[in-house]
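Shown next, in structure tokens, is the structure this report addresses.
Any read-out appearing in this document is the output of simple, stated calculations on the displayed coordinates, not a laboratory observation. Computed from a predicted structure; not experimentally measured. All Cβ positions, even for glycine, are placed from backbone atoms using ideal geometry, and neighbour counts span all protein chains on display.
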Amino acid sequence: MGPFGRSLDFVHDFNYMLYWVQNNSAGENRFMVEVYTGWVQCDIGILKPTQHFQVKSFLPVGSGRVRFYSTQDSASPGGIVDKTVVASLGAVAPFEDEANVFAVDGADVSLEAQSFPGIAGSPLCLVLNAKLGMLNTKMFNYNYSVHVYSRPDQNYNNTLIPTNQRPAGGENPDFDPPG
């Protein structure tokens, strides 16, 4: 448990859409666009001093489901050609009448190998990496919008993962072990 009595559990409210885009009328340069939008409930608080955390969350394609990408192409794993990411503050509250800071200092999406209980191997999954900065603040959630552009010839699998899973390697603002 953290200093404010609650462990860091990520809860998503999300939308996922899949589009096929064709660059010209001859059918060349066709690619897939995945659109992920939603918010991540983080419910964390920091008093002093100003602290920055790298927080990780899976991008879901359904309730309890994430996409496992193939590793066939080492130049662009999962066939991902490009991506865009926007993350912003959702709900925050000050702790004291003193100065406070609350920020999403940066965000990106990466394809990372993960391990899950009961699932063989280390599948590649999309992970949202958000850098949060806080001082005398409680942050309840942050919002995201992610577009992933990939080649259509790639293999992927939408897989149900065990409940309460977080990506490996993120910092935990409640001072529990990372991951």
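Straight Cα distances below 24 angstrom link Lys138 to the lysines Lys48, Lys56, with same-chain residues fewer than 8 positions distant left out. Residues within the reach of a label modelled at Met17 (point 7 angstrom out along Cα to beta-carbon, backbone nitrogen below 17 Å), restricted to the stretch 84-99, are 84-86. A simple spin-label model places pseudo-atoms 7 Å from Cα toward Cβ; at Asp105 and Ala120 they are separated by 4.2 nm.
With r defined as the distance between the Cβ atoms of Ser145 and Gln51 and R0 fixed at 25 Å, what FRET efficiency is calculated, to the nearest 0.05?
0.45
Here the average projected area of the convex hull drawn through the C-alpha atoms of the stretch 11-160 stands at 10.3 nm².
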